Structure formats: structure tokens, C-alpha cells
Amino acid sequence: MLKKTMNIVTVSILAGFILFFMLFFVISDDNEASTSERRKLAQLPKLNVENVLNNEFMSGFEEYALDQFPLRDKFRTLKAMVLYNVMNMSDNNDIYIADGYASKLDYPLNTQSLDYASRRMGYVYDKYISGTKANVYMSIIPDKNYFLAEKNGYPSLDYDKLVKVMQEENEYATYIDIFPTLNIQDYYKTDTHWRQERIEMTAMKLAEKMDVPFKMNNSIIEVNEPFYGVYYGQAALPMEAEKMYYIKNATINDCIAFDYETNTEMPIYDMEKLKSPDLYEMYLSGSKSFITIENPSLLSDKELVIFRDSFGSSIAPYFIESYRKITLIDTRYIHPDVLGHYINFSNQDILFLYSTLVLNNSITFK
């Protein structure tokens, strides 16, 4: 009798649990996007005969049910905490936490990716820069794994080999080593990127090697919004929000950038992006293919062209007082063949500035 009663209680609890979540699922509004994961969530697929017969409705509904499951973020966090704290897993979704910093595993070294990146950089050099009076430089930004992975027992790239391969395959460029100017504190704990307010010495090293003056007269302004980086959502672990800052001075205040995608002026710091899921896009409005910044107060006609990834958005303002014009080009979003319509390569300083994350995963280069 006791066993029968226990079975009834167990089934009743399970049925109540299922009923509760079913009702919660039905009455709650669907979310269009996940803030923590920075992606759009699946919506309820259309129900019609055609979609049912070709199985599109059921496959779409399965994805919709997973994305719109009640308390989804809470369950993601619970799963991640169980994996870390109970099952002693070393990572979750390839994200690991070490020394208080979240980072994503990036291993092994992909030499084919380095070759492809070098070929695309070389294509730009051969098509536009070779034979000009331009000064060509290359620098590589280490990702957080450089400081965290090996010493905490995680697989790590051979960074020395990565740098060597890139130098050998791009001999036309003078290599500037910025690795010694950086440490783990220069990066966000929950994001991939470096902290703008902490990379002044890195910018100074680049300016020194490119033989241009560099001024250190910046004010550091705190952003009012809390910053949660891309790894915060991917790790699904409880992590504290971070403070975010940006540098300003009188010259930066007077400069306006120009976005060639929209043919409109844009601010150096786009405060509207502080309302977006990714606050880092505040720096030069995020992923833009072709941007120029002009400093009308500088008497010199010196120009800098940076071929870059997203790290370049936050370091570029440091060079505003060193160059009359700065052009930022991201060939992940614009094909090199069209660059001749926008820029005449002649005697500029050319800097290829890419993170190891992008170089080791360069398939997005056009």
C-alpha cells in the first residue's frame, strides 16, 4: 500500500511539474532574442498542410520549443554549474573560467587558416600597395588564451609558431611585437576584447615603431551601463558585470568619423550602442567595413590605414593626434577589389592589425 501511495505521489508531482511548465509555456510571451546569447530566438512556425507534410513544422517547432522554454536561462545556468561544480567538467560550450576570466578554447593552430589570411593580405598588398611609397607594418593581438590556457592546464596554440608563420608569409611588412605590452588585466573578464583604457602602452609601441608622435593626454570616462561580454552568455555561468570605459580628449571631441556603408557621419563613440546587446560596439559603431576619421586640427598630412578586426575599433582613437586621417578597413565585410573606389594608396602608413582569434579562423576574409 505504501509503495502504491509513493508511486501515486511521484506520478502526481511529475504530472504537476509538466502541467506547470506547459501552462507557463502557453501563456508566456515569446522572446524575440536572447540578451545573454546575443542571438535571435526561434519563433513559432506557421501551421499549414504543406509544412506538416514536408516536416518543416515539426522541426521548426522543436527548435522553437527549445528556444522559448520557460526559465530557459536559469536552466542553462543550472546545467553549467552542475557540469563545473558537480561533474568537474573543465569547460562548458568550450568556455572555461580561469583566474576569474572567461575564455574560449581555440586549438589547435590552423596553419591553413594562417596561409589563407596571408594570401588575402598579400592580395591587398600586391593589388594596391606594392610599388608605392607606403610604409607597411603588421602586428598581431594575442587572445586571452595566451595568458590563461597553458598555465591552467588547457590546450594552447603555439603562439611563437603563429607569429613566425605570419612573418615569413608577409615579408613585405615590418612586424611590430605588442605581446610584451599586454597582460590578462588588459582584457575584459567576460569578453574577447581588450579594454580600451588599458592599451595606451600598446598604442604607444605601435606609434613608436611607425615613427609618429604620440600624445598621452587622455581622460578616462566611465560608461554608466554594466558590461556583460560575449562569454557571459555562452558560458551560462553567474559572472559579475564589468565596468566599461572610453578615452577622450579635446581632439577626439572635435573629430567625426565617416561610415562609407551608409555615406553618413558617425561619432567616434556611438552612445546609442549602449542600448544594444553588445556594448563594445560603442567603439566606432561596431562591425563596419570602411570608416575614415579626420583630424582637421593637425597640420601634418600623415595618413594611417588599418586593416583590422573588431579590436581595431577601440585602439584607433589613440592615433587621432598622430595622423590627419585614419582609415579602418575590415575585409571580412568588404571585398578588396572595391577598395580602389574609396582610397588611393600612395605614401600612407599601412598597418595589418589582427587578433590571433581571427587569424586562426580566417575563413571570413574576403
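The values are calculated or read from the model by the stated rules, or taken from the named source; none is laboratory data. Because the structure is predicted, anything quoted here is derived from the model rather than measured. Counting neighbours? That spans all protein chains shown, and the Cβs are built from the backbone with ideal geometry, glycine included. Accessible surface is based on the protein model in full, side chains and every heavy atom, while ligands, DNA and RNA are left aside. Shrake-Rupley method; radii C 1.70, N 1.55, O 1.52, S 1.80 Å.
A few points about this structure:
- Amide hydrogen neighbours beyond the local backbone of Tyr137, cut-off 5 Å, H modeled: Thr174, Ile350, Leu351, Phe352
- Accessible area of segment 137-181 divided out per residue, in Å², using a probe of 1.4 angstrom: 46 Å²
- Note on Asp301 and Lys215: the model spin-label points, each 7 Å out from Cα along the C-beta direction, lie 2.2 nm apart.
- Note, ³J(HN,Hα) from phi for segment 136-149, Karplus 6.51, -1.76, 1.60, rounded to Hz, x at Gly and Pro: 10, 10, 9, 9, 10, 9, x, 7, 5, 4, 4, 9, 10, 4
- Full-stretch length increase - Val338, Glu168 - with 0.36 nm per residue and alpha-carbon distance subtracted: 58.5 nm
- All other residues whose Cβ lies under 12 angstrom from that of Lys243 are scored, Lys and Arg at +1 and Asp and Glu at -1, for a net of -2.
- Taking other residues whose beta carbon is less than 15 angstrom from the beta carbon of Pro213, and scoring Lys, Arg as +1 and Asp, Glu as -1, yields -2.
- Cross-link pairs Lys104/Lys243; Lys46/Lys189; Lys133/Lys288 - those with Cα-Cα distance over 30 Å: Lys46/Lys189
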